[in-house]
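Enquirer: Here it is, the structure in full.
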Amino acid sequence: VLQLLRGVQRGSEDRKSSLGRLRWALQSKETQQKFVRLDGSIRTLIGLFTSSLADMQMEAARCLHELSHSSDPAVAEACLPVTSYLLTYLSGHSVEFTELCLYTLGNLVVESEAVRKQLLPQGIIPVLASCIQSPHEAVLEGLGYILSQLLQAKEAPTEIVPLVLDSVLPQHMLRMVCSGLKAGTGAAVEFAWCLHYIVCSHTANAVLLSLGALPALTSLLLDMASEIPQGAPEGLELLVCPVLRCLSNLLAEETGCEGQIQDERLLIALFLILQSFFQQHPFIVQECLWLLNNLTADNPFFCSALLSLDLLPALLQLLPCSQMAGVLVLTVLCNVAEKGPTYCQQLHHQPALPLLLPTLALPDPEVVGQCLELLHLLFLHSPEAAADFVRQGGHRALEQHQSTPELQERVRVLLDMVRQPLGAATFSACHATLSSFS
């Protein structure tokens with residue numbers, strides 16, 4: 001390492017070759033740590049990075065980029081003197097050079113709070129805001145990367161998000177996310193995650209709502225769903241995920257938002273996305289169900305639409321997908337059942353009870369507990385459902401949980417309800433698959 005550094009410092013004809021070998025050597029964690037401890041090492045790289053020789057400047061930038069990959073905060077902090085130059089060169093002479101500077105900064109801010117605290121007073125947010133007008137996808141993707149890293153920092157809600165909100169970044173990020181299907185998904189994915197982190201800070205929703213985030217993201221989701229029958233573009237699931245989270249979190253944080261997007265096409269889009277991705281990308285199932293839960297909570301419009309569009313069989317099919325999916329499906333059904341007798345009667349006439357009985361046999365108290373909540377609502381508003389439940393042996397499934405401490409009180413209440421004299425009702429199970437909703 002010392003020989004390579006001396007080769008770079010001497011200014012001999014093979015300086016560029018020494019820089020190239022140093023770049024490869026700096027891919028090693030041990031080499032990175034040794035290099036930054038050598039006297040004058042970072043100062044030498046900065047000198048070459050700021051030189052007028054373009055090829056030397058690029059090689060030095062590549063060396064700094066390799067250093068930025070270190071997970072050792074001491075290496076990141078050794079690079080502190082270079083941050084102001086990295087900012088200056090974001091308006092660099094080539095796309096590759098600007099991209100290198102962006103990713104180097106992004107890597108450094110991940111590992112070091114000291115780097116972040118130095119960059120904020122240096123005006124990193126205004127500089128990044130000026131980069132968002134770039135016509136180059138590679139630059140925009142790098143910009144999205146560093147912004148997403150900054151917005152995940154522990155101090156982001158108080159120190160970084162307010163600066164971002166005061167800039168032109170939110171409206172440009174929203175615009176670029178919504179044009180992601182046409183312009184390429186790389187930058188759109190990064191900016192979609194940026195919007196998600198901004199929403200999670202709990203301080204930005206009013207700004208995003210004023211920019212029309214809800215209708216814009218809803219429209220994007222509809223567009224993405226419409227692409228699926230023609231063959232979803234590669235990597236579409238990477239964009240779907242943060243868009244679903246943004247919508248879910250906006251709905252969770254703001255009261256009355258659901259009234260702005262009362263469009264039943266959103267439910268159809270969600271189920272098309274579920275149908276397309278649930279086998280190869282099962283993580284999408286949970287994201288869709290979170291949004292469906294937030295849409296149906298305290299919202300009769302989407303509860304009615306879920307039933308009138310005959311989407312309930314497709315929803316019930318997701319019960320066994322995973323523990324979290326099961327809990328969310330049951331929570332959505334509870335949202336529907338809470339709306340009263342008419343809704344519970346419709347749930348009763350769908351194939352709900354036969355699918356709930358196996359759920360009661362699961363060893364997971366959280367899933368079973370949510371199932372008990374749903375049964376309570378059904379029995380309360382539709383006594384016929386209780387009668388059918390008993391005829392199908394449901395009371396025996398309940399009795400298995402009488403000794404489970406966190407469930408036994410709810411089990412006792414349900415057993416009391418089903419033991420009351422009830423009129424018989426005919427229950428007809430109909431079976432459907434997700435593919436019937438394509």
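Enquirer: Regarding Lys34, is this residue assigned to a helix (DSSP H, G or I), over 19 Å from Leu4 (Cβ atoms) and charged (D, E, K, R)?
Expert: No: the conditions fail for Lys34.
Enquirer: Being farther than 21 Å from Ser134 by Cβ and buried (at least 16 other Cβ atoms within 10 Å of the Cβ): is that true of Gly7 here?
Expert: Numbers: farther than 21 Å from Ser134 by Cβ: yes; buried (at least 16 other Cβ atoms within 10 Å of the Cβ): yes.
Yes: the conditions hold for Gly7.
Enquirer: In this structure, does Ala187 turn out to be in contact with an Asp or Glu (Cβ under 6 Å, 6 or more places away or on another chain), over 17 Å from Ser210 (Cα atoms) and modelled with pLDDT under 95?
Expert: yes
Enquirer: Evaluate segment 386-402: report whether one residue or more is over 26 Å from Gln345 (Cβ atoms), over 38 Å from the mean Cα position of the chain (by Cα) and in a helix (DSSP H, G or I).
Expert: yes
Enquirer: Identify all residues within segment 1-24 that are closer than 26 Å to Ser52 by Cβ and hydrophobic (A, V, I, L, M, F, W, C); write none if there are none.
Expert: Residues satisfying the conditions are Leu4, Leu5, Val8, Leu19, Leu22, Trp24.
Enquirer: Restricting attention to segment 344-356, which residues are over 14 Å from His376 (Cα atoms) and part of a helix (DSSP H, G or I)?
Expert: Gln346, Pro354, Leu355, listed by residue number.
Enquirer: Which condition breaks for Ser382 when tested against (1) free of Cβ contacts under 8 Å to residues at least 40 places away in the same chain; (2) among the polar types (S, T, N, Q); (3) in contact with a Cys (Cβ under 6 Å, 6 or more places away or on another chain)?
Expert: Result: Ser382 fails condition (1) only.
Enquirer: Still on this structure: Which condition from (1) in a helix (DSSP H, G or I); (2) farther than 28 Å from Leu244 by Cβ is the one that Pro162 breaks?
Expert: Only one criterion in (1) in a helix (DSSP H, G or I); (2) farther than 28 Å from Leu244 by Cβ is unmet by Pro162, namely (2).
Enquirer: Considering each of Gln27, Gln32 in turn, give the residue that is closer than 18 Å to Pro73 by Cα and open to solvent by less than 30 Å² (accessible area, probe 1.4 Å).
Expert: That would be Gln32, the only listed residue that is closer than 18 Å to Pro73 by Cα and open to solvent by less than 30 Å² (accessible area, probe 1.4 Å).
Enquirer: Which residues, taken from segment 62-86, are part of a helix (DSSP H, G or I) and within 15 Å of Trp24 (Cβ to Cβ)?
Expert: Arg62, Cys63, Leu64, His65, Glu66, Leu67
Enquirer: Follow-up. Look through segment 70-101, keep the residues that are farther than 22 Å from Ser52 by Cβ, of a type in the set (A, V, I, L, M) and open to solvent by less than 10 Å² (accessible area, probe 1.4 Å), and return whichever of them is farthest from the chain's Cα centre (by Cα).
Expert: Here the answer is Val75.
Enquirer: Being closer than 19 Å to Ala129 by Cα, at pLDDT 90 or above and assigned to a helix (DSSP H, G or I) narrows it down to one of Leu208, Leu217, Leu174, Leu221, so name that one.
Expert: Every option except Leu174 fails the conditions.
Enquirer: Report yes if Val109 is surrounded by 22 or more Cβ atoms within 10 Å (Cβ to Cβ) and under 24 Å from Leu26 (Cα atoms), otherwise no.
Expert: Spelling it out, Val109 is indeed surrounded by 22 or more Cβ atoms within 10 Å (Cβ to Cβ) and under 24 Å from Leu26 (Cα atoms).
Enquirer: Sticking with this structure for a sec: Checking Met56 against (1) over 37 Å from the mean Cα position of the chain (by Cα); (2) open to solvent by 50 Å² or more (accessible area, probe 1.4 Å), which single condition isn't satisfied?
Expert: Failing condition for Met56: (2).
The values are calculated or read from the model by the stated rules, or taken from the named source; none is laboratory data. This is a predicted model, so every value here is computed, not measured. Cβ sites come from the backbone with ideal geometry, for glycine too, and all protein chains shown count toward neighbours. Side chains included, ligands, DNA and RNA excluded: accessible areas come from the protein's heavy atoms. Shrake-Rupley method; radii C 1.70, N 1.55, O 1.52, S 1.80 Å.
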